[in-house]
Amino acid sequence: MKVAVAGCCHGALDKMYETLELLQRRHNVRPDLLLCCGDFQAVRNEADLRCMAVPAKYRHMQTFYRYYSGEKKAPVLTVFIGGNHEASNHLQELPYGGWVAPNIYYLGYAGVVRFRGVRIGGISGIFKSHDYRKGHFECPPYNQQTIRSAYHVRNIEVFKLKQLKRPIDIFMSHDWPRSIYHYGNKKQLLKMKSFFRQEVESNTLGSPAASELLQHLKPTYWFSAHLHVKFAAFMQHETNSKEELPKATKFLALDKCLPHRDFLQIIDVEHDPNAGDSLEYDAEWIAILKATNSLVNVTQSSWNMPENNGLHAKWDYSVTEEAIKEVLEELNHDLKIPCNFTLTAACYDPSKPQKNMEPVHTINPQTTEFCAQFGLTDINDRIQQAKEESSGRGECEEEEEEEMDSTGSAEEPSEYNTDNSGLSSFNPDEIMLDEEGGDEDLSTCSVDPSPDHPPEFSTSFSDIRIMPDSMVVSSDDAMDSNNEELEKSGGSKQMEEKSSTERSLKRISGDENGNSGVKKIKRRNQAIYAAEDEDKTD
C-alpha cells in the first residue's frame with residue numbers, strides 16, 4: 001500500500017490534503033494512509049491556542065477546526081503523534097490515543113496500531129532529561145513550566161514500548177533519535193544546516209530515549225520531523241545471536257509543511273491484502289498497557305522504571321502469547337477501533353471570536369470507554385482526583401512553581417546526562433522562549449486567528465517526493481555529497497541559510513544590573529520554525 005508521510009504540519013491540514021489531491025490528479029497516486037510526525041496542532045478554539053508553547057505571533061487558528069466541527073472530513077485516514085507545538089490540553093484528553101476528528105487519529109503519549117496488517121508505533125513529544133522520570137502530572141490551565149513539560153517524553157512510555165517483542169513496521173518520533181545522523185549523508189546535512197555541527201560532533205543532537213527505542217525495536221521504517229530539514233539514513237542493526245536475522249531501519253526526517261518544501265514523502269509498504277481497511281488496535285500493545293497499568297504515575301516526583309538491579313521484584317513486563325490471546329478473546333477477535341469521536345469543546349467560529357476563552361481540564365469519553373473496556377487507569381480522572389484531594393481549588397497545584405527548579409533539575413541525576421533534543425548553538429530557524437516565562441501572561445495573551453481562506457498551495461508540485469523502493473545510504477562520511485533527495489530539498493536554501501547563519505546572534509547575557517540591554521535566553525524551545533521573513537515570502 002502507499003503511505004504518505006508528512007513532517008511538521010503546524011495546523012495546515014488544508015495544505016496537506018490539497019497536495020495529496022494534486023498528487024492523485026497529476027500522477028494518479030492515491031495514498032491509503034497519511035502519517036504526520038508531530039506539531040500537528042489540533043487547535044479547536046482560542047483556548048487551545050493558549051495551550052501551545054509558542055510566542056503570540058505564532059498563534060494562528062489555521063484549519064484543523066473545520067475538520068473538528070465536521071465542516072470538512074479528512075480525505076485519507078490520518079494518524080499522527082504529538083510534537084512540542086501542540087494544543088496540549090486537547091491531546092491530553094487522549095493519553096492512550098483516540099480520534100481528534102473523523103478519520104484523524106492521535107496515537108497518544110505512546111501507542112501501536114495496525115492498518116492493513118502493518119504495525120505502526122509512535123511516541124509523542126520531545127526529550128528533556130529533567131522531566132523524563134516524572135509522571136504525567138500536568139493539566140490545564142497550564143503555568144509557564146507545565147505548558148512546556150506537558151509535551152516532554154516520559155520514561156514510562158519508553159518502558160512500555162520496550163516491552164514489545166513482535167516486529168514493528170513503522171515507527172514515528174518527533175525529535176530525531178540521537179546518532180542517526182552518523183548513518184546518512186552527514187556532510188550534506190551540515191552543508192544545509194551548519195549550526196548543527198557542534199551537536200553532531202559532540203553527538204548530542206537528538207533524543208537518547210528515541211535512540212534507545214530505535215536500537216530495541218529495529219523497525220523497518222522510522223520517521224521524524226522537528227528539525228525542519230529533510231534527511232535520509234540507513235541503519236544496519238547488530239544481531240544478538242547467530243540465529244537472529246540481520247535487521248535494518250530506513251530513517252527519514254521530513255521538512256515542515258510550507259510551499260516549495262519537501263514536506264511529503266510517498267512510500268510503498270508491504271501489507272496484508274486480506275486485511276480490512278479499518279484502523280485496528282494492536283493486541284500485544286493492549287496487553288502491555290494492561291500489564292504496566294500499576295506503574296501509572298500522575299505526580300511530578302521523579303522515579304525510575306523497574307529494572308533488574310536487585311531493587312525490584314518484577315522488571316520484565318513483556319507479555320506472553322496467552323496474555324495476547326486473552327485480549328483477542330475480550331474483543332471477540334474484532335480489533336477494529338470504534339469510530340467514537342466526540343466533540344468535547346466549542347469549535348472556533350470566525351464570525352464570533354472569543355479571545356478570552358479559558359482552557360479547562362476535560363475527561364474525554366473516548367478515554368473513559370477505552371479504560372473501562374481494558375481495565376486501565378484514566379490518567380486525567382486520576383489527576384482530577386489528586387487535585388481535589390490536595391487543594392480543591394480547580395487549578396493544577398500552585399506550589400509547583402515554587403517546588404520546580406527553574407532549570408528543571410530533578411532530585412536525582414537522570415539516566416541520560418544531557419537534555420539536548422535540539423540545539424544549544426544558535427539556530428536562525430527556531431523559536432526562543434525564556435525559561436522564566438518571558439512570552440506573556442498565559443491568561444491574557446492575545447490570539448491571532450488566520451483568515452478563513454488559507455493561502456494557495458504551490459502549483460509547482462515540489463512538495464512531494466515519491467520514495468524509491470529502497471533508500472540506500474552510506475554510513476560513513478565519504479558518502480557522495482550529491483545525494484539526490486537531500487540536494488533537491490536543500491540546494492535552493494543553502495545561500496539563504498548561509499546568510500542567516502552569518503547574521504546569527506550570540507547567546508549573551510546582561511549583568512545583574514541589566515546594563516547590556518540584551519535578555520538572556522535561559523531555555524530554548526526545541527522546535528525549528530522557519531524565520532518569519534521566510535514564511536512571508538513563501
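The values are calculated or read from the model by the stated rules, or taken from the named source; none is laboratory data. Note that the structure is predicted; figures quoted are calculated from it, not measured. When we count neighbours, we look across all protein chains shown, and the Cβ atoms used for this are built from the backbone with ideal geometry, even at glycine. Just so you know, the surface numbers come from the protein's heavy atoms only, side chains and all, with ligands and any DNA or RNA stripped out. Shrake-Rupley method; radii C 1.70, N 1.55, O 1.52, S 1.80 Å.
Overview of results
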{"item": "Positions within the range 214-231 being among the charged types (D, E, K, R) and open to solvent by 10 Å² or more (accessible area, probe 1.4 Å), in sequence order", "result": "Lys218"}
{"item": "Among the residues listed as Lys314, Lys290, Lys256, the single one being outside any loop (DSSP other than H, G, I, E, B) and within 23 Å of Tyr109 (Cβ to Cβ)", "result": "Lys290"}
{"item": "Among (1) surrounded by 24 or more Cβ atoms within 10 Å (Cβ to Cβ); (2) closer than 29 Å to Ile379 by Cβ, the one test that Gly184 misses", "result": "(2)"}
{"item": "Filter result (in contact (Cβ under 8 Å) with a residue 60 or more places away in the chain and aliphatic (A, V, I, L, M)) within the range 207-234", "result": "Ala209, Ala210, Leu213, Leu217, Ala225, Leu227, Val229, Ala232, Ala233"}
{"item": "The one condition in (1) touching a Ser or Thr at 6+ places or on another chain (Cβ under 6 Å); (2) at pLDDT 95 or above that Asp262 fails to fulfil", "result": "(2)"}
{"item": "Residues satisfying the stated conditions in the range 351-386, i.e. assigned to a loop (DSSP other than H, G, I, E, B) and open to solvent by less than 50 Å² (accessible area, probe 1.4 Å)", "result": "Met357, Pro359, His361, Thr362, Asn364, Leu376, Thr377, Asp378"}
